[in-house]
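Remarks on the structure that follows.
The values are calculated or read from the model by the stated rules, or taken from the named source; none is laboratory data. Just so it is clear, the model here is predicted, and its values are computed rather than measured. All Cβ positions, glycine included, derive from the backbone under ideal geometry; neighbour counts span all protein chains shown.
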Amino acid sequence: MFRTSLLGVLATVVALGGASTAGDRECGMGPPCGPMDRAICPVEGININITASTPAVDFVNGQKLYFGSAAAATAYRESPKSFWLAPFDVPLAMPDGARGLPDLRNTTLRCPNSGEAMLISMASVRIQHKHGQNLFFCCYGCIAMAWHDPKAFFA
């Protein structure tokens, strides 16, 4: 009886957002692991398969945002706040809206301001962009600095 109940509890925990995996990748809490090689351009709204030749904007300490064209990357560099998720914008449908595209959970990135190493999770501080990409920060102080001068964080 106890064994059957324990298995039922474990199944419920997983169904309600326990640890999830995709292949050998662990994603922790939240929806199942999503793709790390796909994104949607925050400027053009088109699907992107991320490769070495995908247009990108590089940030200090190594993070990147991906774009559908070089012109879209240039538009972002000129006015980054125009492509951040605004108060009345709706995030992507679930589960991508919760995890972001690409899904960077359980990867280590560096804060574009402090350089601090961060293990990305559902709780990580971020600037969400239109169509689901994220730029991660170690704390709200660093994200506040980005709000004041986002171009200062371009590599």
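Can you name the residue in the stretch 112-133 that is over 19 Å from His148 (Cβ atoms) and assigned to a strand (DSSP E or B) and, of all such residues, is farthest from the chain's Cα centre (by Cα)?
Ala117
Name the single residue that is nearest to Ala155 (Cα to Cα) among those in the stretch 86-95 being of a type in the set (A, V, I, L, M) and exposed (fewer than 13 other Cβ atoms within 10 Å of the Cβ).
Ala86
Can you name every residue in the stretch 23-55 that is over 18 Å from Thr108 (Cβ atoms), among the aliphatic types (A, V, I, L, M) and surrounded by fewer than 16 Cβ atoms within 10 Å (Cβ to Cβ)?
Once the filter is applied, which keeps residues that are over 18 Å from Thr108 (Cβ atoms), among the aliphatic types (A, V, I, L, M) and surrounded by fewer than 16 Cβ atoms within 10 Å (Cβ to Cβ), the stretch 23-55 yields Ile46, Ala52.
So in the stretch 11-45, with the set limited to residues that are over 16 Å from Asn134 (Cα atoms) and of a type in the set (Val, Ile, Thr), which one is modelled with the highest pLDDT?
Looking at the filtered set, the residue picked out is Thr21.
Filtering the stretch 65-110 down to residues that are in a helix (DSSP H, G or I), within 19 Å of Ile50 (Cα to Cα) and hydroxyl-bearing (Ser, Thr, Tyr), which residue is farthest from the chain's Cα centre (by Cα)?
Checking each candidate, the answer is Thr74.
Can you tell me which residues in the stretch 96-125 are surrounded by fewer than 17 Cβ atoms within 10 Å (Cβ to Cβ) and touching a Phe, Trp or Tyr at 6+ places or on another chain (Cβ under 6 Å)?
Ser124, Val125
Please go through (1) under 30 Å from His148 (Cβ atoms); (2) touching a strand residue (DSSP E or B) at 6+ places or on another chain (Cβ under 8 Å); (3) not aromatic (Phe, Trp, Tyr) for Ala86 and return the number of the only condition it doesn't satisfy.
For Ala86, the failing item is (2).
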